Amino acid sequence: MRSKNIKKIAVVTGAGHRLGKTLAYFLARKGYSILLHYNSSANQAQELSELIKKEGVDVFLYKADLIDPMQIGNMWEFIKSLPFELEILINSAAIMIQSDIQSLSYSEFDETIGLNLRAPLFCSKEASKCMAPGGLIINISDIGAGKNWVRYPIYTISKSSLEVLTRLMAKALAPNIRVNAIAPGLVLPPDSGDEMAWEHLEAKVPLKRVAMLEEITSAVEFLLTNKYITGQVIAIDGGYSLL
């Protein structure tokens, strides 16, 4: 039986901005210490770190390019050196490159697959070596995994494959570790977003609105509390998958 005095930590990749930031802060408010991974969003990561400290939990910033296998390895060596018990890994880091089949480059393919699929696989592999029994891995997919987005072919492929990986890992790591995925629909507009295009997409959603951030974090809380769920992809899309 694990001691109640052992501090628990959650690792969130891509936690410097967007949805990863929201999830890291949510877990901090639930009492978890946080390993806050970021790559290019140093200022945002530092701001989030200060917010998390106000919750009275420990936070560790770690910069790494998860496309680089060596940097993944170095990050996990650092995590394993911390005096905490790893309970949660959220694989949120991702890239969404607009392209098409005709113009797609080798580098765009490698970058997208490297970050969106290979990094979650190897981060999960490392986590499984040190995660406490009862641990939870959550992969952040996208409702687009089930769509034919011709403007984002490799992104779509990477997220579809991530959902397959979720099921494979759930079976391979059971019974000690549960693995699930969350597939949000419209939540946050792209950083370089077209406001009119975003409004057009919102109008198509059966529930006629985008998701609130608390509707995403509530799915994480559900997976934390219901210990009998593994290998599942939870869509939070307002009915977008019905289109």
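The values are calculated or read from the model by the stated rules, or taken from the named source; none is laboratory data. Nothing here was measured: the structure is a model prediction, and the numbers come from that model. Positions of Cβ are generated from backbone atoms using ideal geometry, with glycine treated the same way; all protein chains shown enter the neighbour counts.
List of remarks:
- Selected residue (only one of ASP237, ASP191 is surrounded by 14 or more Cβ atoms within 10 Å (Cβ to Cβ) and among the charged types (D, E, K, R)): ASP237
- TYR25 vs. criteria hydroxyl-bearing (Ser, Thr, Tyr) and surrounded by fewer than 24 Cβ atoms within 10 Å (Cβ to Cβ): yes
- For segment 166-186, a tally of residues being in a helix (DSSP H, G or I) and surrounded by 22 or more Cβ atoms within 10 Å (Cβ to Cβ) returns 2.
Condition check ((1) touching a Lys or Arg at 6+ places or on another chain (Cβ under 6 Å); (2) farther than 27 Å from PRO190 by Cβ; (3) among the hydrophobic types (A, V, I, L, M, F, W, C); (4) modelled with pLDDT of 95 or more) across all residues:
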| site | (1), (2), (3), (4) |
| --- | --- |
| LEU48 | yes, no, yes, yes |
| ILE67 | no, no, yes, yes |
| ASN74 | no, yes, no, yes |
| PRO83 | no, yes, no, no |
| GLU87 | yes, yes, no, yes |
| GLN98 | yes, no, no, no |
| ASP110 | no, no, no, yes |
| ARG118 | no, no, no, yes |
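- Residue in segment 33-64 that is nearest to the chain's Cα centre (by Cα), counting only those that are part of a loop (DSSP other than H, G, I, E, B) and loosely packed, with under 15 Cβ neighbours inside 10 Å: SER40
- The condition (being buried (at least 21 other Cβ atoms within 10 Å of the Cβ) and part of a helix (DSSP H, G or I)) is satisfied by just one residue among ILE90, ILE154: ILE154.
- Pair list, Cβ < 9 Å and 6+ apart or interchain, from segment 135-149 residues that are closer than 14 Å to THR230 by Cα and in contact (Cβ under 8 Å) with a residue 40 or more places away in the chain to residues that are outside any strand (DSSP E or B) and among the acidic types (Asp, Glu): ASN139/GLU163
- Checklist (1) closer than 16 Å to VAL220 by Cβ; (2) not in a loop (DSSP other than H, G, I, E, B) applied to ALA15, failing item: (2)
- Any hit, segment 126-139, residues being of a type in the set (S, T, N, Q), in a helix (DSSP H, G or I) and surrounded by fewer than 18 Cβ atoms within 10 Å (Cβ to Cβ): no
- With respect to the conditions (1) among the small types (Gly, Ala, Ser); (2) under 25 Å from TYR228 (Cβ atoms); (3) at pLDDT 95 or above; (4) surrounded by fewer than 21 Cβ atoms within 10 Å (Cβ to Cβ), SER160 falls short on a single one, namely (2).
- Residue pairs meeting the criteria (Cβ under 7 Å; at least 6 apart or on separate chains; first at pLDDT below 90, in segment 197-217; second surrounded by 11 or more Cβ atoms within 10 Å (Cβ to Cβ)): TRP198/PRO189; LEU201/LEU186
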